[in-house]
Amino acid sequence: MARAVWKGPFVDGYLLKKAEEARTGGKHAIIRTWSRRSTIIPQFAGLTFGVYNGKKFIPVSVNEDMIGHKFGEFAPTRTFNGHTTADKKAKKV
């Protein structure tokens with residue numbers, strides 16, 4: 001279910017502070033975040049965030065096309081190793 005429009009996008013407060021510090025300070029360091037649920041807003045464009053996927057931080061460079069999406073969409077949490085062939089299954093038995 002989507003968030004109500006009248007509430008506006010959800011962004012963790014500490015994430016806004018870190019992004020503002022990075023913009024004013026001119027630093028190009030990766031901003032580490034565990035907040036996969038936060039929405040990407042226009043103030044984040046041009047910054048790089050390290051989004052935690054449960055194991056490591058995935059670097060996400062935010063551009064204008066990402067605005068309105070969530071950080072978690074760009075840091076997958078599961079690794080797909082492919083389907084095993086029927087030959088491999090038969091040999092194991």
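The values are calculated or read from the model by the stated rules, or taken from the named source; none is laboratory data. Since we're looking at a predicted model, the values are computed, not measured. We place every Cβ from the backbone using ideal geometry, glycine too, and count neighbours over all the protein chains shown.
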Return yes or no: is residue 69 touching a Ser or Thr at 6+ places or on another chain (Cβ under 9 Å) and not β-branched (Val, Ile, Thr)?
yes
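Go through 57, 49 for me and flag whichever is modelled with pLDDT of 95 or more, in contact with a Gly (Cβ under 7 Å, 6 or more places away or on another chain) and not polar (S, T, N, Q). Break it down into steps so the answer makes sense when it comes.
Working: 49 fails: in contact with a Gly (Cβ under 7 Å, 6 or more places away or on another chain).
Going through 57, 49 in turn, the sole match is 57.
Results for (1) more than 22 Å from residue 4 (Cα to Cα); (2) at pLDDT 95 or above, shown as yes or no for each residue.
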| position | (1), (2) |
| --- | --- |
| 26 | yes, no |
| 33 | yes, yes |
| 40 | no, yes |
| 61 | yes, yes |
| 74 | yes, yes |
| 81 | yes, no |
| 84 | yes, no |
| 90 | yes, no |
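Search region 35-60 for residues being touching a Phe, Trp or Tyr at 6+ places or on another chain (Cβ under 8 Å) and surrounded by fewer than 15 Cβ atoms within 10 Å (Cβ to Cβ), and hand back the single one that is nearest to residue 11 (Cα to Cα). Steps first, please.
Looking only at region 35-60, we keep the residues that are touching a Phe, Trp or Tyr at 6+ places or on another chain (Cβ under 8 Å), and these are 35-40, 49-52, 58-60.
Remaining after also requiring surrounded by fewer than 15 Cβ atoms within 10 Å (Cβ to Cβ): 37, 59.
On the way: 37: 8, 59: 18 Å.
So the residue we want is 37.
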